[in-house]
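Q: A single structure is presented below for examination.
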Protein chains: 2
Amino acid sequence: MKTDNITIKDIAKALNLSYSTVSRALKGSYKISEATREMVKQYASAHHYRPNLMAQSLKNKKSHCIGVVLCSIPNNFFAEVLSGIESIAYNKDYLLIITQNLESYEREVRNLDNLTWRSVDGLLVSLSTETTDISHFKQLHDQGLPIVFFDRVTDAIQTHQVITDNIGGAYNATSHLIERGYKRIATITSSPQISITRERLDGYKNALTEHNIAVNDRYIKYCPHGGMMIEEIESALDELLQCPEPPDALLTASDRITIGACSLIRKKGLQIPRDIAVAGFSNFNAPELFDPPLTTIRQSAFEMGKIATDLLIQLIESKRPVTSFEKKVLPTELIVRSST
Amino acid sequence: MKTDNITIKDIAKALNLSYSTVSRALKGSYKISEATREMVKQYASAHHYRPNLMAQSLKNKKSHCIGVVLCSIPNNFFAEVLSGIESIAYNKDYLLIITQNLESYEREVRNLDNLTWRSVDGLLVSLSTETTDISHFKQLHDQGLPIVFFDRVTDAIQTHQVITDNIGGAYNATSHLIERGYKRIATITSSPQISITRERLDGYKNALTEHNIAVNDRYIKYCPHGGMMIEEIESALDELLQCPEPPDALLTASDRITIGACSLIRKKGLQIPRDIAVAGFSNFNAPELFDPPLTTIRQSAFEMGKIATDLLIQLIESKRPVTSFEKKVLPTELIVRSST
DNA sequence: TTGAAAGCGGTACCAG
DNA sequence: CTGGTACCGCTTTCAA
């Protein structure tokens, strides 16, 4: 099976050295003569020596694995993040274990359990929409497992965070709608408990308030499962449309909600933007092909994955305990098209 | 670090048994008295015993890891496949190592090298558009590494394959275009060397021939990188439009090509389907929102991931060498919308 | 600077 | 049915 790799013992025998000498030479230890180190290294590379990672893991209690916790792989935004994660992880020779929880708290817990069993060296986490109790993460973190949160984060655990400028993104989009002349701007957003919802809502409210428009709670609708089920988007939309003064513009707070809402609006025979304008957070790769071309708030998803992974690997490989943590905030880009 | 798991030795000490007895009891070996087996199992579950996977791997030379080789994670089709792979792998307690090669042969080889170093138990492979020489896979396969190919496959290695009914999908779409009255049907497809290109082209040609339309080679354009670079789509499209008799309909053979072509057609000020009709392979989740709503050939991507993973795990866990291999062909669904 | 040996956590063979 | 022990491949004390 596999390539029958040569081991340290083979090298030792061939060179008439002890195992330990070979091991030290390969790691470039200082307590080794230049000559033997060179000899060993030469022999090793000539014979394509590759350390057995399982043996190393067993010994060092380091698996060189990173666990990824997120809701759904085929979600455009997360797929792009994953691509960024992969690009860094692979260059630094970390292996990825990817789990998806489909916005279920229960699956998140179960996946986490599995990941720790696999003894990952660190965790990249974006919380599920259902998650409020984060003790499963807290416990691991307290035991010393490095964690970096991205996108949907929590302040209850002291560690690095990489997020989008959700406040700014929502603020800009809402301001844009206001400047376009829309008066009754509603929003359909994700579940109330996750960070991105709070922040996007803040940006939305800030923009309204600054423009002297009263925030109307009837114009704010939540999708407990982040739009994973189309029904929750539909009922949110229906409630909005049945308002005495139905909204003339809509800010949608995620890929799934944006697409779902557009699709439903069309099904109801309404026209965008004539009947209702739509601007949404979305990382679709072709929003200009939509009918009408969609005004989107685009996030730096690939970048987010790269930065989070970089930070995590720093944590994992740091010799001394890290005590100061960063909160990286990535810019959004508002791309105005004819849906608004 | 991590949960300080209890080991077999701890159990042995606590119960005054030998390591081997405990080990056997846990694996449900027959040569163990009912009484001790029960006792051990009880103690183990009471103390949350979890076998150390690294130790097991080292001993058994099985990593319980599956390596995935594909071109790009954020590609809709592959993201869906991945989701299917994850769903099976996770249930069967396999870990995924995902690599992307961005359609580069060189990266594919390098990734593969890394995967084998990681000593994966098996491989799920979809070839890059650049790949013609598959000796890197062949060598591993000859050494006994289980491999299942999906989507972009090769017949040069005797193993399971899971593919889309590309011939049928392209045939149906082309026939549909013919029936709609289009006379000059062109196709922009992926690189000539990969299986899906050949098959989709066959389906396209079959449909034309059956309807007594001559196959015109000037109407067949390739994208060597599967449309990864927009320039290759653009030059393909330009050449088509500059034909003496430019096509009145276009069959696009992948997600990226479909989106890219639509986008370029629009940029050129042409209208779909008035100036040129478009039907394409695509797993976008909202083709009905496009302008115009897009006629698509949808593949069973999630299903493909599930089946491929199932087959691979069967291969991995099979006691006796497997000699008969399956070629699973998954149906496509032609969804007619107004772009044709 | 080098070598011998213990041990990481399991598994499996050989005795009894 | 159970215990003892060698070993998977590598790292790391402890001696020399």
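Q: How high is the relative contact order of chain B, in percent, counting Cα pairs under 8 Å that sit 6 or more residues apart?
A: Relative contact order here is 18 percent.
Q: Same structure again: Is there a simple number for the mean count of other chain Cβ atoms within 10 Å of the Cβ of residues in A:86-96, and what is it?
A: Average neighbour count from other chains, rounded to a whole number: 4.
Q: Considering every Cα-Cα pair within the stretch B:18-63, what fraction, in whole percent, is farther apart than 18 Å?
A: Result for the distance tail: 33 percent.
Q: Going by the alpha-carbon gyration tensor, a ≥ b ≥ c the square roots of its eigenvalues, is the stretch A:266-340 rounded (a/c under 1.5) or, if a/c is not under 1.5, prolate (a/b greater than b/c) versus oblate?
A: prolate
Q: For the stretch B:177-200 and the stretch A:289-317, write down the distance between their C-alpha centroids in whole Å.
A: 35 Å
Q: List the residues, sorted by chain then number, that are 5 or more residues from A:ILE147 or on another chain and whose placed amide H is less than 5 Å from its amide H.
A: Distant-sequence amide H within range of A:ILE147: A:LEU123.
Q: Between copies, how far apart are the B:ASP238 label points? List them in nm, one decimal, shortest first, with each point 7 Å from Cα toward Cβ, please?
A: Sorted ascending, the copy-to-copy spacings read 5.2 nm.
Q: Another one. How far, in nm, would the chain grow between B:SER18 and B:GLN314 when pulled straight, counting 0.36 nm per residue and subtracting the alpha carbon separation?
A: 103.2 nm
Q: What are the residues whose amide H is under 5 Å from the amide H of B:THR132, where those residues sit 5 or more places off or on another chain and H is modelled from the backbone?
A: Here nothing satisfies the definition.
Q: If you plug each phi of the stretch A:225-239 into the Karplus form 6.51 cos²θ - 1.76 cosθ + 1.60 with θ = phi - 60°, what whole-Hz ³J(HN,Hα) values come out, in order, with x for Gly and Pro?
A: The phi angles translate into 10, x, x, 4, 10, 5, 4, 5, 6, 4, 5, 4, 5, 4, 4 Hz.
Q: Something else now. What ranking of A:PHE284, A:PHE302 emerges when the number of other C-beta atoms within 10 Å of each C-beta is taken as an exposure proxy, fewest first?
A: In order of increasing Cβ crowding within 10 Å: A:PHE302, A:PHE284.
Q: Using a label position 7 Å from Cα in the Cα→Cβ direction, what is the ascending list of nm distances from A:LYS268 to the same site in the other copies?
A: 3.9
Q: Now for a separate question. Between the stretch B:138-173 and the stretch A:20-58, how far is it from one alpha carbon centroid to the other, in angstrom?
A: Their Cα centres are 39 Å away from one another.
Q: Work out from phi, with θ = phi - 60° and the Karplus expression 6.51 cos²θ - 1.76 cosθ + 1.60, the ³J(HN,Hα) of each residue of the stretch B:200-212, listed in order in whole Hz, and give x for Gly and Pro.
A: 5, 5, 4, x, 4, 5, 3, 4, 4, 4, 4, 9, 6
Q: Other chains' Cβ within 10 Å of B:263-270 residues: what's the mean?
A: If you average over the peptide's residues, the count of other-chain Cβ atoms is 1.
Q: Additional query: Can you tell me the 0 to 90 degree angle between the C-alpha axis of helix B:301-317 and the longest principal axis of chain B, rounded to 10?
A: 40 degrees
Q: Another question about this same structure. Determine the shape class of the protein assembly as shown: with a ≥ b ≥ c the square roots of the Cα gyration tensor eigenvalues, call it rounded for a/c under 1.5, and otherwise prolate if a/b is greater than b/c, oblate otherwise.
A: Verdict is oblate for the protein assembly as shown.
Q: Further question on the same structure: Using θ = phi - 60° and the Karplus relation 6.51 cos²θ - 1.76 cosθ + 1.60, list the HN-Hα couplings for the stretch A:118-130 in order, rounded to whole Hz, with x at every Gly or Pro.
A: With the stated coefficients, the stretch A:118-130 comes to 5, 6, 6, 7, x, 10, 10, 10, 10, 5, 6, 5, 7 Hz.
Q: Counting DSSP beta bridges with both partners in chain B, what percentage is antiparallel, nearest 5?
A: DSSP beta bridges in chain B are roughly 10 percent antiparallel.
Q: Please give the charge dipole size of the protein assembly as shown, origin at the Cα centre, charges +1 on K and R Cβ atoms and -1 on D and E Cβ atoms. Round to the nearest 20 debye.
A: Around 2560 debye, computed over the protein assembly as shown.
Q: Could you order peptides A:167-173, A:180-186, B:260-266 by the average number of other Cβ atoms within 10 Å of their residues, highest first?
A: The densest-packed peptide leads the list: A:167-173, B:260-266, A:180-186.
Q: Check the axis relating chain A to chain B and name the residue of A whose C-beta is nearest, distance in whole Å.
A: A:ASP291, 2
Q: What does the average come to when, for each residue of peptide B:73-81, you count the partner chain Cβ atoms lying within 10 Å of its Cβ?
A: 6
Q: Moving on to the next point. Quick one: which residues, 5 or more positions from A:ALA277 or on another chain, have an amide H under 5 Å from its amide H? H modelled 1.01 Å from N in the peptide plane, none for Pro or chain starts.
A: Amide H neighbours of A:ALA277, under 5 Å, 5+ apart: A:ALA249, A:LEU250.
Q: List A:ARG320, B:ARG274 from most exposed to least, where exposure is judged by having the fewest other Cβ atoms within 10 Å.
A: Ascending Cβ contact count within 10 Å gives the list A:ARG320, B:ARG274.
Each value in this text was obtained by applying a stated rule to the coordinates, not by laboratory testing. Just so you know, these numbers come straight off a predicted model, no measurement behind them. As a convention, Cβ positions derive from the backbone with ideal geometry for all residues, glycine included, and neighbour counts pool all protein chains shown.
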